């Protein structure tokens with residue numbers, strides 16, 4: 001297990017979303033892109049972090065994005 005910084009996760013997540021060939025037309029679509037990439041990050045990197053750490057970080061990150069974009073809770 002290689003411990004990586006959670007700050008790296010945020011940077012990679014944001015870079016991945018901005019580098020996608022698909023462009024969101026509104027904040028709800030943009031949030032969906034963040035959510036899709038976050039799921040991919042979790043699936044591919046969960047073993048690099050202590051149990052539950054990456055999942056909790058990504059949930060919190062997405063919650064803050066939802067607030068930033070003023071979207072209703074799911």
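Computed from the coordinates by the stated procedures, all read-outs in this text should not be read as laboratory data. If you're wondering where the values come from, they're calculated on a predicted model, not measured in any experiment. With ideal geometry, Cβ positions are generated from the backbone for all residues, glycine too; neighbour counts draw on all protein chains shown.
Miscellaneous remarks
- Single residue of 67, 54 found to be in a helix (DSSP H, G or I), touching a residue at least 24 places away in the same chain (Cβ under 8 Å) and either loosely packed, with under 14 Cβ neighbours inside 10 Å or out of contact with any strand residue (DSSP E or B) (no Cβ under 6 Å at 6 or more places or on another chain) (or both): 54
- Selection from segment 1-48 of residues that are more than 24 Å from residue 71 (Cα to Cα) and either in contact (Cβ under 8 Å) with a residue 24 or more places away in the chain or in contact with a helix residue (DSSP H, G or I) (Cβ under 8 Å, 6 or more places away or on another chain) (or both): 1, 2, 3, 4, 6, 45, 46, 47, 48
- Residue count for segment 37-51, restricted to those that are surrounded by 14 or more Cβ atoms within 10 Å (Cβ to Cβ) and not in a loop (DSSP other than H, G, I, E, B): 7.
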